[in-house]
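Here's the structure we're looking at; comments come further down.
The values are calculated or read from the model by the stated rules, or taken from the named source; none is laboratory data. Quick caveat: nothing in here was measured; it's all calculated off a predicted structure. Ideal geometry is used to build each Cβ from the backbone, glycine not excepted, and the neighbour counts take in all protein chains shown. When the accessible area is computed, the model is the full protein with side chains, heavy atoms only, and any ligands, DNA or RNA have been set aside. Shrake-Rupley method; radii C 1.70, N 1.55, O 1.52, S 1.80 Å.
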Amino acid sequence: MKTFSVSTRERVDLVDITSQVAQEVAKSSVGSGTVTIYIPHTTCGVTINESADPDVARDIKMHLTKLVPQDGGFRHSEGNSDSHIKTSMIGSSENIFIENGKLVLGMWQGIFLCDFDGPRTRKVYMKIVEG
Amino acid sequence: MKTFSVSTRERVDLVDITSQVAQEVAKSSVGSGTVTIYIPHTTCGVTINESADPDVARDIKMHLTKLVPQDGGFRHSEGNSDSHIKTSMIGSSENIFIENGKLVLGMWQGIFLCDFDGPRTRKVYMKIVEG
Amino acid sequence: MKTFSVSTRERVDLVDITSQVAQEVAKSSVGSGTVTIYIPHTTCGVTINESADPDVARDIKMHLTKLVPQDGGFRHSEGNSDSHIKTSMIGSSENIFIENGKLVLGMWQGIFLCDFDGPRTRKVYMKIVEG
């Protein structure tokens, strides 16, 4: 298992982690396989979406905040129930394939850590498996 | 493939299944690998979220019910379109890593079966793969 | 890695791809394992849900459009931010198990490509791994 850390900058923040994942894939010398990404937090997830225009990440953050506002009449006493709910909507793991030693992403795709209760330092876990 | 059953208690219910998954991992004697969890139902999913405070699961249930109410003007005649929609928002599978023979979960993380059309007996499928 | 194409017919469209996936599994001659499905697009995802009654897919499409309308006050200039947001809510990958050379799906389950910015020709990537 590989791990790296990501610093987020806002309460709700999407950070492109594609290059860190690609670096670990390159170091692994796996030619064909799958990388699984796992976020070991309960208020932070992972998604794959457009990395070319930063307005896409901005619109995702804005709309998830509209669908799940921080002040939603929640009972959990830490005041971050919205962060937990957004995390379950986005998910904690993703799989991406590897061919010829490289991540197989679509032309516009990047991998984003989604912090919903930042800013913080977050961890990303990865496994790279041949096959 | 391993399988176990879970009894849910309400129409919308999150049940912590971490200990059952951990038991299967212990029995498998896999030291390093990945467990994949799969829910073979169309109105029931799986998520990873906080297991320490039960108010988190309560708030997730409450807010998903607000976002996708049972009476949402749906056409599907069984009256559980909301359950199908919530299932696709949460997802049917999750991956968790194994190191030193144990599940690698974050400090606050637990694995939850999410029934959206209970109470029922639900099945959980698992595969534990070395790597 | 296997790949196949799917033609979608509407802006928001769920297309049942179970038979194409099952065919690839049959051709692979893998008896026991996992198939991972990956969608290499940023406005198109994959979900598992009921394939028996087409009204379920219709209700999913309708409600996701209600939760994330196309005209949501977004900044991304291409006018498809809603499609990106729906994609992150549904997810880009799924895992399904294989036993006895066949997909292990629940009685009512089918695999759906979810186009949120169609109609278009979309690609599906798959890996079939023994284990």
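Below, the figures for the structure above:
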| item | result |
| --- | --- |
| Rg in Å to one decimal, and Dmax rounded to a whole Å, for the stretch A:2-130 via C-alpha atoms | 15.2, 50 |
| For the stretch B:87-131 and the stretch A:15-39, distance of Cα centres in Å | 23 Å |
| Nearest 10 degrees, 0 to 90: helix B:54-67 Cα axis against chain B principal axis | 40 degrees |
| Total formal charge among the other residues, if their Cβ is under 11 angstrom from that of C:Glu24, Lys/Arg +1 and Asp/Glu -1 | +3 |
| Convex hull of the stretch C:55-131 built on C-alpha atoms - directionally averaged projected area, nm² | 7.0 nm² |
| Estimated [θ] at 222 nm from DSSP helical runs (n ≥ 4, -39500 (n - 2.57)) normalised by residues in the protein assembly as shown, nearest 500 | -8000 deg cm²/dmol |
| Surface share of carbon and sulfur [accessible, 1.4 angstrom probe, percent] for the stretch C:2-130 | 48 percent |
| Residue of A:Asp115, A:Asp59, A:Asp13 that the Gaussian network model of chain A assigns the largest fluctuation, springs spanning Cα pairs under 10 Å | A:Asp59 |
| Estimated dipole of chain B in Debye, rounded to 20 [Cβ of Lys and Arg +1, of Asp and Glu -1, Cα centre] | 340 debye |
| Extension gain, A:Gln70 back to A:Arg120 (0.36 nm per residue minus Cα-Cα distance, nm) | 16.3 nm |
| Rounded accessible area of A:Glu10 (nearest 10 Å², 1.4 Å probe) | 90 Å² |
| Integer Hz, Karplus 6.51/-1.76/1.60 couplings in order for the stretch C:100-105, x for Gly and Pro | 6, x, 10, 4, 9, 10 |
| Heavy atoms of B:Val12: accessible area, 1.4 Å probe, square angstrom to 10 | 20 Å² |
| Computed label-point distance, nm, for sites B:Ser5 and B:Glu130 using a 7 Å Cα→Cβ extension | 3.3 nm |
| Candidates B:Lys27, B:Lys86, B:Lys61: whichever shows maximal mean-square fluctuation once chain B is modelled as a Gaussian network with Cα springs under 10 Å | B:Lys27 |
| For the protein assembly as shown: rounded, prolate or oblate by the Cα gyration tensor [a/c cutoff 1.5] | rounded |
| Pairwise burial C:B, computed as accessible area of each alone minus the pair, summed, 1.4 Å, Å² | 2500 Å² |
| 0 to 90° range, to nearest 10: angle between helix A:81-90 axis and chain A longest Cα axis | 30 degrees |
| Radius 14 Å from Cβ of C:Ile90, net charge of other residues (Lys, Arg +1; Asp, Glu -1) | -2 |
| Surface accessible to a 1.4 Å probe, per residue, for the residues of the stretch C:2-130, Å² | 37 Å² |
| Under-5 Å amide H pairs with A:Gly91, H placed in peptide plane, nonlocal only | A:Val46 |
| A:Phe97, B:Phe4, reordered so the largest accessible area comes first (probe 1.4 Å) | B:Phe4, A:Phe97 |
| Summed side-chain charge close to B:Lys61 - residues other than B:Lys61 whose Cβ falls under 9 Å, Lys, Arg +1, Asp, Glu -1 | -2 |
| Selected from A:Leu113, A:Leu105, A:Leu67 as most flexible by GNM, with chain A as the system and alpha-carbon contacts under 10 Å | A:Leu67 |
| Pairs of lysine residues in chain B - Cα separation under 16 Å, sequence separation of 8 or more or cross-chain | 8 |
| Spin-label model distance (nm) - C:Ser29 vs B:Ser32, 7 Å beyond Cα toward Cβ | 3.2 nm |
| Relative contact order of the stretch C:1-94, pairs being alpha-carbon contacts under 8 Å that are 6 or more residues apart, as % | 34 percent |
| Inter-chain Cβ neighbour average for residues A:38-47, partner chain, 10 Å | 6 |
